[in-house]
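Notes to accompany the following structure.
The values are calculated or read from the model by the stated rules, or taken from the named source; none is laboratory data. The structure presented is a predicted model; accordingly, all values stated were derived computationally and were not measured. Backbone-built Cβ (ideal geometry, glycine too); neighbour counts: all protein chains shown. Protein only, heavy atoms only, side chains kept; ligands, DNA and RNA dropped before computing areas. Shrake-Rupley method; radii C 1.70, N 1.55, O 1.52, S 1.80 Å.
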Amino acid sequence: MSDKQQQNKLWGGRFSESTDAFVQAFTASVLFDQRMYRQDIQGSQAHATMLAEVGVLTTEERDAILQGLDEIRQEIEAGEFAWSVALEDVHMNIEARLTDKIGITGKKLHTGRSRNDQVATDIRLWLRDEIDQLDAELLRLMNGLLDLAEREAATIMPGFTHLQTAQPVTFGHHLLAWFEMLKRDRERLLDCRKRVNRMPLGAAALAGTTYPIKRERTCELLGFDAVCENSLDAVSDRDFAIEFCALAALSMTHLSRISEELVLWTSAQFNFIDLPDRFCTGSSIMPQKKNPDVPELVRGKTGRVNGHLISLLTLMKSQPLAYNKDNQEDKEPLFDAVDTLAGSLRAFADMIPALEPNREVMREAARRGFATATDLADYLVRKGIPFRDSHEIVGKAVAYGVSKKKDLGDMSLSELRQFNDQIDDDVFEVLTLEGSVSARNHIGGTAPEQVRAAVARARQALGA
Ligand code: ARG
């Protein structure tokens, strides 16, 4: 690089030789941080507006800056902006272009500010916008689940523990279990937003600035809830990004668990549900294949978001106060965590309402697996037999059923009475699948009536 080019750097004053070409590329962040251009401009415009109000800039200077930045935004959006690696990052690219356009006034924008508080502000503004979009997508998915749960409130399927048939449940109830996971994800997302939405700007490099700035004013202009209270903490804190990755990792973990069930259930062995073709792909060699790629990919992508959380924790663990260049490494993990969660939520919000349950297959699976054994034990308890004894009695009846290949509900009264003579005709009400699920009729239980009530409560809580 020539000395002339070195002088183009916005910090070139004290340097006597050019940056090594590889070092320049190695230390630059513009190839990835340019995606924060809107927030960078937004932050600069608020800063300039405040500087004019406190008399550091004239109103003419302010207007030239605001106008120049508006034009730069348009240039970027039109694809006409020439990003330069020599100018290192999004901040210096935009500032240098401003000076190109409006001359010496452009050089006044950075008064009372540092890239350290600027970048921390940009990331927070960017993440806040992304959180709001993620929330909309999460809500779309949650509402889709509620609609499906309501429709399938009385659909019977086997409930599993250890992946073995345990007790009959309703499909709607199972869907609402997924809903609960997402509901907690949303609580965490909105809670994280509170700590994202605080303003570092005004901390300058690390100690604050000698200009009579009004941070409360910039804070108000940018829609932050509050300023970061301590300038050293303001430029170094990345807790908000770690918190975000933690909630993203947990949310991906939930989507991954749901994916695992979808993959199992779409297999020929379960055949509980069909996924429409538009969410699946075929095999290039096996003509019969229809693979559940979307859930498989979401399950697979969970690993990288978990990785981003570990990256950020490790990034921060040994940093002394205040800003260190290490922090430039915060962006790629955070960006990818946002993109991965956004894509996964979008795919799920599109796919969930399109699930087609094979109700007869689900019902038959519940009927075959001795799923009403607990109901028979509870029936005997109501006849006065202690639960441990009734458990033993039903265990024997199940063993008999296994040897005869007969479910409890398919045995005759005399067959059942071999195991206990308290068993009467009324036993068949509890041995039916409908009887079994309807009997679990309390808040949080699987009865269709409870599923419908839970859907109504959830809709009300979402304000839908
Ligand atoms: N590109 C930098 C980052 O992402 C901006 C802040 C640079 N500050 C500095 N003092 N070198 O963190």
Number of the exception - residue 169 against (1) of a type outside the set (Ser, Thr, Tyr); (2) part of a strand (DSSP E or B); (3) within 15 Å of the chain's Cα centre (by Cα): (3)
Residue count, segment 376-416 (criterion: of a type in the set (Lys, Arg) and under 23 Å from residue 440 (Cα atoms)): 3
Residue 104 being more than 16 Å from the ligand (Cβ to nearest atom), surrounded by fewer than 20 Cβ atoms within 10 Å (Cβ to Cβ) and under 25 Å from residue 210 (Cβ atoms): yes
Residue list for segment 429-464, restricted to those being under 33 Å from the mean Cα position of the chain (by Cα), among the polar types (S, T, N, Q) and within 26 Å of residue 376 (Cα to Cα): 441, 446, 450
Close pairs (6 angstrom Cβ cut-off, 6 or more residues apart or separate chains): more than 15 Å from residue 453 (Cβ to Cβ) and of a type outside the set (Phe, Trp, Tyr) in segment 170-190, in a helix (DSSP H, G or I) and open to solvent by 50 Å² or more (accessible area, probe 1.4 Å) anywhere: none
Out of 350, 339, 326, 330, sole residue that is among the acidic types (Asp, Glu), under 24 Å from the mean Cα position of the chain (by Cα) and either within 14 Å of the ligand (Cβ to nearest atom) or surrounded by 20 or more Cβ atoms within 10 Å (Cβ to Cβ) (or both): 330
Residue pairs meeting the criteria (Cβ under 6 Å; at least 6 apart or on separate chains; first in contact (Cβ under 8 Å) with a residue 40 or more places away in the chain and at negative phi, in segment 321-335; second assigned to a loop (DSSP other than H, G, I, E, B) and more than 7 Å from the ligand (Cβ to nearest atom)): 322/206; 330/238
Residue check, residue 127 more than 16 Å from the ligand (Cβ to nearest atom), modelled with pLDDT of 95 or more, crowded, with 19+ Cβ neighbours inside 10 Å and within 27 Å of the chain's Cα centre (by Cα): no
Selection status of residue 55, over 16 Å from residue 121 (Cα atoms), of a type outside the set (A, V, I, L, M, F, W, C) and modelled with pLDDT under 95: no
Any hit, segment 51-71, residues being acidic (Asp, Glu) and either in contact (Cβ under 8 Å) with a residue 60 or more places away in the chain or under 18 Å from residue 204 (Cα atoms) (or both): yes
Residue list for segment 292-322, filter: within 12 Å of the ligand (Cβ to nearest atom) and either assigned to a helix (DSSP H, G or I) or surrounded by 21 or more Cβ atoms within 10 Å (Cβ to Cβ) (or both): 315
Checklist (1) in a helix (DSSP H, G or I); (2) in contact with a helix residue (DSSP H, G or I) (Cβ under 6 Å, 6 or more places away or on another chain); (3) within 16 Å of the ligand (Cβ to nearest atom) applied to residue 92, failing item: (2)
